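Structure first, then comments.
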Amino acid sequence: MTWQLRTATEADLDAIMAIETRVFPDDAWSAATMRAELRDGNGVYLVASPVDDPARVDAYGGVRAPRRQPQADIQTIAVVEDARRHGLGRVLMLRMLDIARERGAEELFLEVRADNPGAQSLYRSLGFEQIAVRPRYYNGTVDALIMRLTIPEPTAALA
Ligand SMILES: CC(C)(COP(=O)(O)OP(=O)(O)OC[C@H]1O[C@@H](n2cnc3c(N)ncnc32)[C@H](O)[C@@H]1OP(=O)(O)O)[C@@H](O)C(=O)NCCC(=O)NCCS
């Protein structure tokens, strides 16, 4: 299957929340939080839709990158189960990295659950390195790993 990315708007809120509640059953964001994220001009949210079914949303990701600030954050990323391991997560991450760079960021940070090796593997493959651990950050039980990437020059990213 082939997907296309576009910038999300508030009109995508329901589709995003349908994935959010399914993919993060224990710690989903509320619709109000997600709406605020979609409205926030300091960030950009992307959604991925199948080329042959543009009304459907199969994945989303959000990056917070206030303009001319050296540091940006991956806020979230999720791909529906049926669409995983087709490169969608990587493409979303690379596009969010581009957006952070275009807005002037030099470093990109994220938090990931210690019990989520799949996501960690994706981030490491993009060059993210673990810089800290927040003990029992999720629901008072699961550690958060803080990861950082020094954003490469565009030519290096395309190599
Ligand atoms: C993490 C997630 C976004 C990855 O999305 P995806 O579209 O499946 O990722 P990709 O297909 O682009 O994977 C790229 C590479 O990352 C690594 N990777 C991704 N998922 C993996 C997994 N479950 N186990 C091991 N490696 C994995 C692999 O190296 C993979 O390359 P390969 O398929 O050629 O081996 C997706 O699994 C997801 O939505 N998970 C639930 C939500 C979540 O955990 N979000 C992250 C919160 S921090």
If I model a spin label as a point 7 Å beyond the Cα along the Cα-Cβ vector, how far apart are those points for ASP53 and GLN71 in nm?
4.1 nm
Quick check on the exposure proxy: order TRP29, TRP3 from fewest to most C-beta atoms within 10 angstrom.
TRP29, TRP3
Full-extension gain between LEU126 and GLU153, please, as 0.36 nm times their residue separation minus the C-alpha to C-alpha distance.
8.4 nm
Label TYR137 and ARG6 with points 7 Å out from Cα along Cα→Cβ: what is the distance between them in nm?
3.3 nm
Per the Kirkwood formula on distinct C-alpha pairs, the Rh of the stretch 3-158 is how many angstrom?
16.0 Å
In percent, what relative contact order does the stretch 3-158 have, based on Cα pairs under 8 Å that are 6 or more apart in sequence?
17 percent
GNM on the chain, Cα springs under 10 Å; top mean-square fluctuation among ASP12, ASP53, ASP40 goes to ASP53
How would you rank 124-136, 105-117, 59-71, highest first, on the average number of other Cβ atoms within 10 Å across their residues?
59-71, 105-117, 124-136
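FYI, it's all coordinate maths here, none of it is from the lab. All of these numbers come straight from a predicted model, not from anything done at the bench. In this analysis, Cβ positions are derived from the backbone assuming ideal geometry, glycine residues included, and neighbour counts consider all displayed protein chains.
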